[in-house]
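*Asks:* To start, I am sharing the structure in question, which I have written as structure tokens.
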Amino acid sequence: MNSTELRSAFSLAFVYVLRMLGLFMVMPVIAVSAQEYPDYSAFLVGLAIGGYGLTQALLQIPMGVLSDKIGRKPVIAGGLVIFAVGSLVAATADSLVWVVVGRFLQGAGAIAGAIMALAGDLSREKQRPKVMAIIGISIGFSFYLALLLGPIIASKFGLSGIFLITGVLATLCVFLVLFVVPNAKNIAPKGDTLPIYEDLKNLFRHPQLIRLNISVLLLHMLITLLFVQIPVFLVDLKWPLSTHWQVYSVVLFASVIGLVVLMALAAKSKQAVMQFSVAGMAIIFGLFVFGQHSIIYLMILVSLFFTCFNYLEANFPAMVSNIAPAGKKGSAMGVYASFQFFGAFIGGVLSGSIGALLGIQWVFVLASILCAVWLLLIKGINGTQRLKRYTLNTNEIITDLTLQQLSALKGLVDITVVPNEQVMYIKAEQHFDIQQARLVLNLKE
């Protein structure tokens, strides 16, 4: 990668980390800290944890499309300002209801699609996957960092301190976007990075993608559902909030080791490991039904949950990218992200409401049943075959004869031509020779 691509990747990843920290740091602490508000209820706690997911889900695609019309940086900067305002509302809230309002506002700054589109604009075709990978890794890193920092900050400055710090960081990110992130020089084809409204209807009906979309909805529903309860369990086991980071550090370390084991097993059969992970979650939630007998017992269950969660979270996006039709990757990932955030919202609402009405055990009973249903759902997913994607800029009209010649090439799976952008998207098997396609199209390297 050249200097511009490196600068783009790391500066945008930094923006992503700081923003996601603000969303995630609340998760491991609010179930305990929210008890200080006069209108405390389990339902409002769940809504505060998952509330950002609803506005993220609803605005993720529109904000990405808007960035194509008015520019990436204005949308990203505007989204960060909205996020900062939401953080300020939550930080100054004197009731849990206003914390929920602040969380909804935080989610309204839905800039993930615009960031990815800008990253695509700032990178060359061959280097674009590396830039996207750096940003993708930063998302997972921000979640782990949030689990460790959230309890520490909350114990010293309270829940309002977390919101205030994230608001300040979001404001700093505005200046980072405007003055550090390079201005776009080349424009990436929309199909690689942006959702396109015309594609959405067909993608919602795609039999493989809809299974993956529902899968990530359930995955994030379950982790949000769990985090409404875990901090309370720790306090009940005589672990004050200031020490929760110690538990999470052990859990994360153990889950990373578990993830390495699952990835090694996946080399033989990804489908089997995926099903094993979902089945494992069903068993884990079933064990939660019988209570939390000790800190060791709780840490083992949560570590096993994170092992399964991490494997699925890492593999689902790659499968979406693999299954999506040629030229529809941006749209497919936009829909996927919307389901992902909506799952967080549902998890918070279900955990809070069912826990308050029926008891915590019934939350875990529901989770275990959903995992069993999910296990049946993923048996129909067939996205483990690795395929390559190419984006070719064409300088002339593509004729039917040319398309026939391309279709005859060995290993080609799918072609999409976008005439008004003068671009062609190709999806192919590993042995496909892209140079043959270039010869057919009279393109130079």
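The values are calculated or read from the model by the stated rules, or taken from the named source; none is laboratory data. What you are looking at is a predicted structure, and each value in this text was computed from that prediction instead of being measured. No Cβ is skipped: glycine too gets one built from the backbone with ideal geometry, and neighbour counts run over all protein chains shown. The accessibility values were calculated without ligands, DNA or RNA, using every heavy atom of the protein model including side chains. Shrake-Rupley method; radii C 1.70, N 1.55, O 1.52, S 1.80 Å.
*Asks:* Using C-alpha positions alone, give me the convex hull volume of the range 334-445 per residue in cubic angstrom.
*Replies:* Details: hull volume 16.5 nm³, N = 112.
Per residue, the Cα convex hull of the range 334-445 comes to 147 Å³.
*Asks:* Using R₀ = 45 Å, calculate the FRET efficiency as 1/(1 + (r/R₀)^6) where r is the Cβ-Cβ separation of F10 and D39; round to 0.05.
*Replies:* 0.60
*Asks:* Can you check what the Kirkwood hydrodynamic radius comes to for the range 76-200, Cα pairs only, in Å to one decimal?
*Replies:* 16.2 Å
*Asks:* Just subtract the alpha-carbon distance of M1 and V261 from 0.36 nm times their residue separation and send over the number in nm, one decimal.
*Replies:* On the way: separation 260, 0.36 × 260 = 93.60 nm, distance 3.14 nm.
Once the chain is fully extended between M1 and V261, it gains 90.5 nm.
*Asks:* In Å², what does the accessible area per residue of the chain work out to with a 1.4 Å probe?
*Replies:* Accessible surface, normalised per residue, equals 42 Å².
*Asks:* Cross-link partners among lysines for K268, C-alpha distance below 18 Å, same-chain residues fewer than 8 apart left out?
*Replies:* K268 reaches K379.
*Asks:* Using only the alpha carbons of the range 1-100, determine the length spanned along each of the three principal axes and report them from longest to shortest in whole angstroms.
*Replies:* Per principal axis, max minus min of the Cα coordinates gives 53, 26, 20 Å.
*Asks:* Starting from the Cα-Cα distance between N393 and V168, subtract it from 0.36 nm times their residue separation and give me the gain in nm to one decimal.
*Replies:* Values: separation 225, 0.36 × 225 = 81.00 nm, distance 4.19 nm.
In short, 76.8 nm is gained.
*Asks:* Sticking with this one: Per-residue ellipticity at 222 nm for the chain, helices alone: DSSP H runs ≥ 4 residues times -39500 (n - 2.57), over residue total, nearest 500 deg cm²/dmol? List each step's numbers first, then the result.
*Replies:* Working: 18 runs with 326 residues, N = 445.
Here the helix-only value at 222 nm equals -25000 deg cm²/dmol.
*Asks:* Apply 1/(1 + (r/R0)^6) to the Cβ-Cβ distance of D236 and L377, taking R0 = 51 Å, and write down the FRET efficiency to the nearest 0.05.
*Replies:* 0.90
*Asks:* Can you compute the equivalent ellipsoid semi-axes for the range 197-304, i.e. the square root of 5 times each eigenvalue of the Cα gyration tensor, sorted largest first and rounded to whole Å?
*Replies:* Here the semi-axes work out to 31, 18, 13 Å.
*Asks:* Still on this model: Would you pull out the residues with amide H under 5 Å of V423's amide H, same chain only if 5 or more places away, H placed 1.01 Å from N?
*Replies:* Counting only residues 5 or more places away or on other chains, the set is T394, V418.
*Asks:* Can you give me the % of accessible surface on the range 196-325 that is carbon or sulfur? Probe 1.4 Å, all protein chains present, nothing else counted.
*Replies:* Carbon and sulfur together cover 73 percent of it.
*Asks:* Let me ask you something else. The range 263-382: Rg/Rh from Cα coordinates, Kirkwood Rh?
*Replies:* The Rg/Rh ratio comes out at 1.01.
*Asks:* Binning at 5 angstrom from zero up to the longest distance, how are the C-alpha pair distances of the range 22-62 distributed in percent?
*Replies:* 5, 22, 27, 20, 14, 7, 4, 1
*Asks:* Let me ask something else about it. About the Cα centre, and with charges only on the beta carbon of Lys, Arg (+1) and Asp, Glu (-1), how big is the dipole of the chain? Nearest 20 debye, please.
*Replies:* Taking the Cα centre of the chain as origin, the dipole is about 760 debye.
*Asks:* Which label marks the calculated value of Cα Rg over 2.2 N^0.38 Å, given the options (1) 2.03; (2) 1.06; (3) 1.01?
*Replies:* (3)
*Asks:* Sticking with this one: Take the Cβ-Cβ distance between E429 and F253 as r, set R0 to 41 Å, and report the resulting FRET efficiency rounded to the nearest 0.05.
*Replies:* After rounding, the FRET efficiency stands at 0.60.
*Asks:* Taking θ = phi - 60°, what integer Hz values does the Karplus form 6.51 cos²θ - 1.76 cosθ + 1.60 yield along the range 323-328, in sequence order, with x for Gly and Pro?
*Replies:* Once rounded to whole Hz, the list reads 7, 3, x, 4, x, 10.
*Asks:* In whole Å, largest first, what are the principal axis extents of the Cα atoms in the range 201-240?
*Replies:* Extents along the principal axes, in whole Å: 51, 13, 8.
*Asks:* Also: If the chain between L366 and L439 were fully stretched, how many nm would it gain, using 0.36 nm times the residue separation less the Cα-Cα distance?
*Replies:* 20.6 nm
*Asks:* Quick one: with all protein chains in place, what share of the accessible area of the range 1-148 is carbon or sulfur, to the nearest percent (1.4 Å probe)?
*Replies:* With neighbouring chains kept in place, the figure for the range 1-148 is 73 percent.
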